[in-house]
Amino acid sequence: MWLSRGLLIFLIPVIAFSCTPKAKTPVHKKHPISEKLPKPVEGEKPKEEPRDALLFNMGELLFSKEDFANAGLKFRDLIEQYPTSPLANEAKYELGICYAKTGRYEDSLAILREALPLSLSPLRKSMIYSIMAENYSGLEDYFEALRWYARAMEDAEEEAQKGEIWQKIQEILDHRLSPAQLQEVQFMYEGTSTAGYATFKIAQIYFDQGDVARSKKLIYRIMEEFEEQPYYPQVKAFFDLLKEELIPERNVIGCILPLSGENRVYGIRSLHGIELAIHAFEPNYGGMPIKLVIKDSKSSPGEAETAVEELVDEERVIAIIGPLLSITSEAAAKRAQELEAPIITLTQREDVAEIGDFVFQNCLTNSQQIKALTSFAIGELGLGRFAIIYPRDLYGIKLTHLFIDEVLRRGGEIMGVQSYDNEQMDFGWQIKRLVGLQEGKTQKGRKSDFEPIIEFDGLFIPDYSNRIGLVAPQLAYYNVIGITLLGTSAWNSPELVSEGGKYVDGSIFVDGFFRDSPSPRIKRFAQEFSNTFDSDSTTLEAQAYDAVDLCVQVLTNQEIYSHRQMRDGLMGVMGFDGISGLTSFDLDGKPNKIPFILTVRKGEIQQIE
């Protein structure tokens, strides 16, 4: 299909260059230029038509009859005989079309190049570029033709014109370029619809070659970057075909953890929990054999995202465990949701499970901790008035806001709030302000000399165990006694007792795991872990263990052969006896957990049952 030249409207001696596509079947009309010529007066001898206009009209007439060879002769005569004529430039355009129509592609290119330096409208430039492209197609130089069509698309203004140009581009990408040329198009036209469609063609080539994983990886990129393009429905249909080809292996589970860099220690701990759950060190284990595929997130969102793609596309895992960090969990969860692959993240991040219905979470979140802590403090201990001392960092500020909101929601009161710097060692100023002590003190400065006004019965300190070991003795020094210290999972450490001593007795805090729990199942896990890795288990190992153990339970009890079935199986679990308190998932994929309520009695951390 050739782009036709347009009908012209001339004002002698000035010409307006504009055109619209010629109909497939020529419609013979009197050329507009003749309408503008002087009309003879009755009795007067008609004036002779200018020679250049006569040649142009003759060329137009022959062109309308599709006699392109003879039409070209007239336009060429005009250009040669009247090079300064106001019609000469338009004749060059018409001659370029005539040469193209008669297969004289080199001649067409030469004459059209003479028109390019002129000051032309975007529409006329777009049409010239299109004819240039058609000439290169005629010469079978399709790569160069694509370049000119791309330029034509840039200057095209009408949607119909853009649609016609795109059809030509699509035809070249569909049938005329080699795989190597398609890859070059990807690079040269990066970010454009042309590059997107070239990527689609490469994905189809990979699929035909049997490399389904690489094909799918490219399709993901197209669907993410070129959703608004007209070929998106083709891409989506091809994606649906690929999903049918990539049936997961029901006994293969992937995990994504930070196994290098500064967060490596946490990743290794979680990995140990996963390995214990699949009985990796029991060669004679008689249960369902699970193959574990491990990926290092390197604490990078990009690496985590790539790991998800590789696990789903290349390893064909039935589910993914991890990542661990907030910064990587969001990226991995979003990619897993796009790929419709179940993922159980191990992050505390509150909203990660809300990304989609294939995203689950097994970690006691900050809000869950605060709800459990305030529920026990108000509902079981009968506390109603609270004060807070918190560090001025992200963790302290966030937990303080959560605590205040939850106390007020439950009808309690906040009697005072004080903050301190992260590096602070002396908390006397904050304590005295909470209890109304003057800055000065008695001469001896003994404990009994302080008479604090204590208007609260619970003191919440959202900090780590080593800091609590400094704050608690100072509270006693200022005679702030008879209150209950309240904390988070950050307190659950031997340091709390070794640093805080008798001053932390009776304190209350929560966690998602307690290895000294009287639960037989937890005792068994803690013993097996200690025997296998020669170290004590923590919450990190426990929550990773539960995530895998839950997956294995679903795979063992149900016929699972697809990601969708695995998602439904996880969502349907009820009453799971998790060592990290996990029982089930809610409709958003968040964990329903029974937190461990912990206290210190006679120098030991114990569980309150």
Exercise. Grab the DSSP H runs of the chain that are 4 residues or longer, score each as -39,500 (n - 2.57), total them, divide by all residues and round the 222 nm result to the nearest 500 deg cm²/dmol.
Key: -15500 deg cm²/dmol
Practice problem: Using per-residue counts of other Cβ atoms within 10 Å, averaged over each peptide, order 201-209, 464-472, 266-274 from highest down. | Solution: 266-274, 464-472, 201-209
Quiz item: Average projected area of the Cα convex hull of the stretch 289-342, in nm²?
Solution: 3.4 nm²
Quiz item: By how many nm would the segment from Gln606 to Glu227 lengthen if fully extended, with 0.36 nm per residue of separation less the alpha-carbon distance?
Solution: 130.9 nm
Quiz item: ³J(HN,Hα) across the stretch 196-209 via Karplus (A = 6.51, B = -1.76, C = 1.60, θ = phi - 60°), whole Hz, x for Gly/Pro?
Solution: x, 6, 4, 4, 4, 5, 5, 4, 5, 5, 4, 4, 4, 7
Quiz item: What is the gain in length, in nm to one decimal, between Glu451 and Glu380 on full extension, counting 0.36 nm per residue of separation less the C-alpha to C-alpha distance?
Solution: 22.6 nm
Quiz prompt | Cα-based shape type of the stretch 455-556, given that a ≥ b ≥ c are square roots of the gyration tensor eigenvalues and the cut on a/c is 1.5 | solution = prolate
Quiz item: Which of Tyr105, Pro591, Val573 sits farthest toward the positive end of the charge dipole of the chain, with +1 on the Cβ of Lys and Arg and -1 on the Cβ of Asp and Glu?
Solution: Tyr105
Quiz item: Helix 51-64 versus the longest principal axis of the chain: what angle, 0 to 90°, nearest 10, using Cα atoms?
Solution: 60 degrees
Exercise. Just need the Rg to Rh number for the stretch 70-171, please, alpha carbons only, Kirkwood Rh.
Key: 0.99
Practice problem: Please give the per residue accessible area of the chain, computed with a probe of 1.4 Å over protein heavy atoms only, in Å². | Solution: 47 Å²
Quiz item: Taking every pair of alpha-carbon atoms in the stretch 222-318, what share in percent sits in each 10 Å bin, from 0 to the bin with the longest distance?
Solution: 14, 32, 30, 17, 7, 1
Quiz item: Per 20 Å bin from zero, what fraction in whole % of the C-alpha pairs of the chain is there, up to the bin with the longest pair?
Solution: 16, 30, 21, 17, 12, 3, 0
Quiz item: Per 5 Å bin, what percent of the C-alpha pairs of the stretch 165-275 does each bin hold, from zero upward?
Solution: 2, 11, 18, 17, 13, 8, 9, 10, 7, 3, 2, 0
Quiz item: If you find the alpha carbon centre of the stretch 397-424 and of the stretch 231-277, how far apart are they in angstrom?
Solution: 39 Å
Quiz item: What is the calculated FRET efficiency for Leu116 to Met188, with r their C-beta to C-beta distance and R₀ = 25 Å, to the nearest 0.05?
Solution: 0.75
Quiz item: Where a ≥ b ≥ c are the square roots of the eigenvalues of the C-alpha gyration tensor, would you call the stretch 202-248 rounded, which needs a/c under 1.5, or, failing that, prolate if a/b is larger than b/c, or oblate?
Solution: prolate
Quiz item: To the nearest 10 degrees, how steep is helix 159-175 against the longest Cα principal axis of the chain, on a 0 to 90 scale?
Solution: 80 degrees
Quiz prompt | Part-to-part distance (alpha-carbon centres) for the stretch 532-609 and the stretch 319-378, which is given in Å | solution = 13 Å
Practice problem: Using amide H atoms built 1.01 Å from N in the peptide plane, name the residues 5+ places from Lys298, or on other chains, whose amide H lies under 5 Å from its own. | Solution: Leu259, Ser260
Exercise. Rounded to whole Å and ordered largest first, report the semi-axes of the equivalent ellipsoid of the stretch 114-181 derived from its Cα gyration tensor (root of 5λ).
Key: 21, 14, 8
Exercise. Over the stretch 362-434, consider all pairs of different Cα atoms and compute the Kirkwood hydrodynamic radius from their mean reciprocal separation; express it in Å, one decimal.
Key: 13.2 Å
Quiz item: Which value, in nm² and rounded to one decimal, describes the direction-averaged projected area of the C-alpha convex hull of the stretch 108-150?
Solution: 2.7 nm²
Quiz item: Which of Lys125/Lys236; Lys101/Lys201; Lys217/Lys291 have a Cα-Cα distance over 29 Å?
Solution: Lys125/Lys236; Lys101/Lys201
Exercise. Express the carbon and sulfur contribution to the solvent-accessible surface of the chain as a percent, rounded to the nearest whole number, probe 1.4 angstrom.
Key: 49 percent
Self-check item: About the Cα centre, charge dipole magnitude for the chain (Lys/Arg +1, Asp/Glu -1 at Cβ), debye
Solution: 760 debye
Exercise. Order these peptides, 289-297, 326-334, by their mean beta-carbon neighbour count within 10 angstrom, highest first.
Key: 326-334, 289-297
Quiz item: Across the stretch 230-287, how large is the tail of the calculated P(r) beyond 14 Å, expressed as a percent of all Cα pairs?
Solution: 72 percent
Quiz item: How far is helix 179-188 tilted off the main Cα axis of the chain, in degrees rounded to 10, range 0 to 90?
Solution: 80 degrees
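The values are calculated or read from the model by the stated rules, or taken from the named source; none is laboratory data. The structure presented is a predicted model; accordingly, all values stated were derived computationally and were not measured. Methodologically, a virtual Cβ is constructed for each residue, glycine included, from the backbone with ideal geometry; neighbour enumeration extends over all protein chains shown. Please note that ligands, DNA and RNA were not included when accessible areas were found on the heavy atoms of the full protein model with its side chains. Shrake-Rupley method; radii C 1.70, N 1.55, O 1.52, S 1.80 Å.
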